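So the structure is just underneath, and the comments pick up after that.
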Amino acid sequence: MNTPKDFIDKIQESVTNDTFVRLTMSRNADRLASLKKVLIKLALIKKEIQFSFVFRYETKDVTKNFPIKNGLDEIKNLLGHEFWIANLFTTQRDFVFEKNKKGKIRFRNSAATFTEVPQKRHDKSKQHFLQKTNYLQALGILNANGNVQKDKGDKYKQIKKFVEIIDGLIKKNPQVLNQKPLRVVDMGSGKGYLTFALYDYLVNTSKLDAQVIGVEIRENLIELCNNIATNSDFNNLSFEKGFINNYDLPETDVLIALHACDTATDDAIAKGIQANAELIICAPCCHKQIRKQIKNESSLSSILNYGILKERQAEIVTDTIRALILEAHGYKTKVFEFISTEHTGKNVMIVGQKSNHDFDKTMYLQKVEDLKKQFGIQEHYLEGLMKHTALK
Ligand SMILES: C[S@@+](CC[C@H](N)C(=O)[O-])C[C@H]1O[C@@H](n2cnc3c(N)ncnc32)[C@H](O)[C@@H]1O
């Protein structure tokens with residue numbers, strides 16, 4: 001073997017001979033790219049053996065299935081171009097393709113790690129994230145037969161995606177995983193779709209000792225959700241009536257606020273920081289507070305002349321300031337899209353993870369000041385809250 005084509009032929013041969021176990025591609029030529037790895041296995045999809053690709057991004061996995069021929073073309077496009085390392089595992093040998101900075105290609109092979117090919121049933125593991133379905137029926141997401149209701153496809157996808165993200169965050173964070181009990185509070189839980197799914201995932205799928213509380217202003221939703229929790233035997237899930245900003249937050253490891261309206265997201269972040277939560281996860285909703293103040297005298301001012309662009313700019317500035325304030329309180333923070341825009345427009349997620357790293361609070365707060373100055377903002381609501389928040 002001495003060309004990428006030889007490596008592709010090896011893959012094809014192992015598929016034909018049923019010795020293919022899996023293929024991984026890593027070391028993206030662009031080190032800053034968010035796509036870090038591609039994991040490829042075979043799966044039985046619609047009665048046909050196909051390649052199932054998992055594109056592993058920094059913050060999410062995207063799965064795509066390809067018929068064998070198209071999958072090989074896809075591998076050809078990625079191999080040696082986007083990705084410089086590929087590991088092919090077969091039941092006969094393991095093969096490594098490696099390209100170095102000078103463009104030199106090297107192949108190695110070694111004794112097979114695996115002696116058996118994995119089952120090719122279509123991977124249903126994502127569906128097993130959610131163990132019980134009765135609450136999804138009670139909430140009107142699934143029908144009586146357990147199928148997704150016609151108009152609830154987007155919501156269902158959002159629920160599954162959200163649970164997948166939490167799964168990743170918790171598994172990467174032993175401080176959270178080891179909490180007994182693991183205390184989770186969902187601020188602005190609404191009808192509780194995501195709160196129920198999260199509880200189901202934590203307690204029934206992951207077998208964690210978890211206590212989950214949903215906080216919501218609307219009394220009718222509290223009653224509905226508590227009834228469904230009781231009927232589902234979700235004993236450590238409860239819903240409480242409360243305003244986020246004056247809710248007396250108990251000890252909390254994971255604080256969540258998904259699509260809490262406008263500054264309710266800031267109230268939730270402030271509560272999470274104050275409680276020293278290990279993880280603060282929020283998906284902001286509307287961003288009105290900054291929009292009223294924002295102006296710009298610089299070369300960026302034209303952006304603010306167009307309504308929708310001003311709105312987006314306000315969103316970006318608001319969420320950047322939220323992320324910076326989290327960083328300023330020792331939270332390593334990521335901002336990413338958690339579901340494709342075709343399922344919801346409100347798809348930005350801010351995740352702050354408490355860390356013991358050294359951080360320069362003054363530097364982050366200065367960045368907030370710089371942004372405010374640039375956009376003529378007097379005060380971001382979260383900033384004001386933090387001034388009056390006593391930290392533990
Ligand atoms: C858009 S819904 C989102 C519900 C749920 N988190 C989800 O993502 O499916 C926002 C919910 O937050 C509640 N809410 C808004 N502001 C709140 C506040 N300050 N305190 C408590 N609940 C609030 C609203 O009543 C509403 O049910």
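Report the gain in length on full extension from F107 to R93: 0.36 nm times residue separation, minus Cα-Cα distance, nm rounded to one decimal.
Computed gain between F107 and R93 is 3.8 nm.
Quick one: what are the phi-derived ³J(HN,Hα) couplings along the stretch 205-211, Karplus 6.51/-1.76/1.60 with θ = phi - 60°, whole Hz, x for glycine and proline?
Taking θ as phi minus 60°, the curve returns 7, 8, 6, 8, 8, 10, 10 Hz for the stretch 205-211.
Past the 25 Å Cα-Cα mark, which pairs from K37/K132; K157/K271; K41/K150; K46/K161?
Table pairs above 25 Å Cα-Cα are K37/K132; K157/K271; K41/K150.
Past 18 Å, Cα to Cα: identify those pairs from K332/K354; K5/K104; K60/K171, in the order given.
As for pairs spanning more than 18 Å Cα to Cα, there are none.
Report, in debye and to the nearest 20, how large the dipole of the chain comes out about its Cα centre when Lys and Arg carry +1 and Asp and Glu carry -1 on their Cβ.
With only Lys, Arg, Asp and Glu charged at Cβ, the dipole is about 1260 debye.
Ranking request for peptides 28-40, 217-229, 190-202, 154-166: highest mean number of other beta-carbon atoms within 10 Å first, then the rest in descending order.
Taking the mean over residues of other Cβ atoms within 10 Å, the ranking is 190-202, 154-166, 217-229, 28-40.
For the stretch 44-185, give the magnitude of the charge dipole about the Cα centre (Cβ charges: +1 Lys/Arg, -1 Asp/Glu; no others), in debye to the nearest 20.
Here the stretch 44-185 has a charge dipole of around 140 debye.
What number, in percent, do you get for the relative contact order of the chain if the mean sequence gap of Cα pairs under 8 Å and at least 6 apart is divided by its residue count?
RCO, the chain: 10 percent.
In what sequence, highest mean first, do 308-316, 143-151, 231-239 appear when ranked by Cβ atoms within 10 angstrom?
Highest to lowest by the protection proxy: 231-239, 308-316, 143-151.
Which one, S52, C282, T91, is farthest towards the positive end of the dipole of the chain when Lys and Arg carry +1 and Asp and Glu -1 on their Cβ?
T91
In degrees, nearest 10, range 0 to 90: what is the angle between the Cα axis of helix 361-374 and the longest Cα principal axis of the chain?
Roughly 80 degrees, rounded to the nearest 10.
Of N173, L194, I228, which is farthest along the charge dipole of the stretch 168-233 in the positive direction, counting Lys and Arg as +1 and Asp and Glu as -1 at C-beta?
Result: N173, furthest along the dipole toward the positive end.
Once the Cα atoms of helix 307-328 and of the chain are each reduced to a long axis, what angle between those two axes, in degrees from 0 to 90 to the nearest 10, is obtained?
90 degrees
Which value, in debye to the nearest 20, describes the size of the charge dipole of the stretch 211-283 about its Cα centre when Lys and Arg Cβ atoms bear +1, Asp and Glu Cβ atoms bear -1, and nothing else is charged?
80 debye
I'd like the orientation of helix 153-171 relative to the chain: the angle between its Cα long axis and the longest Cα principal axis, in ° from 0 to 90, rounded to 10.
That works out to roughly 80 degrees.
Determine, from the Cβ-Cβ distance of K5 and E251 and an R0 of 45 Å, the FRET efficiency 1/(1 + (r/R0)^6), rounded to the nearest 0.05.
Computed FRET efficiency for K5 and E251 comes out at 0.15.
Return the calculated 222 nm mean residue ellipticity for the chain, to the nearest 500 deg cm²/dmol, obtained by summing -39500 (n - 2.57) across DSSP H runs with n ≥ 4 and dividing by the residue count.
It lands at -10000 deg cm²/dmol.
What are the GluC sites (Glu not before Pro) within the stretch 74-123 that DSSP puts in a loop, where the Cβ has at most 16 other Cβ atoms within 10 Å?
E82, E116
Read the figures in this text as sums done on the coordinates, not as results from a lab. What you see is a predicted model; the values in this text were computed from it and never measured. Positions of Cβ are backbone-derived with ideal geometry, glycine not excepted, and every protein chain shown enters the neighbour counts.
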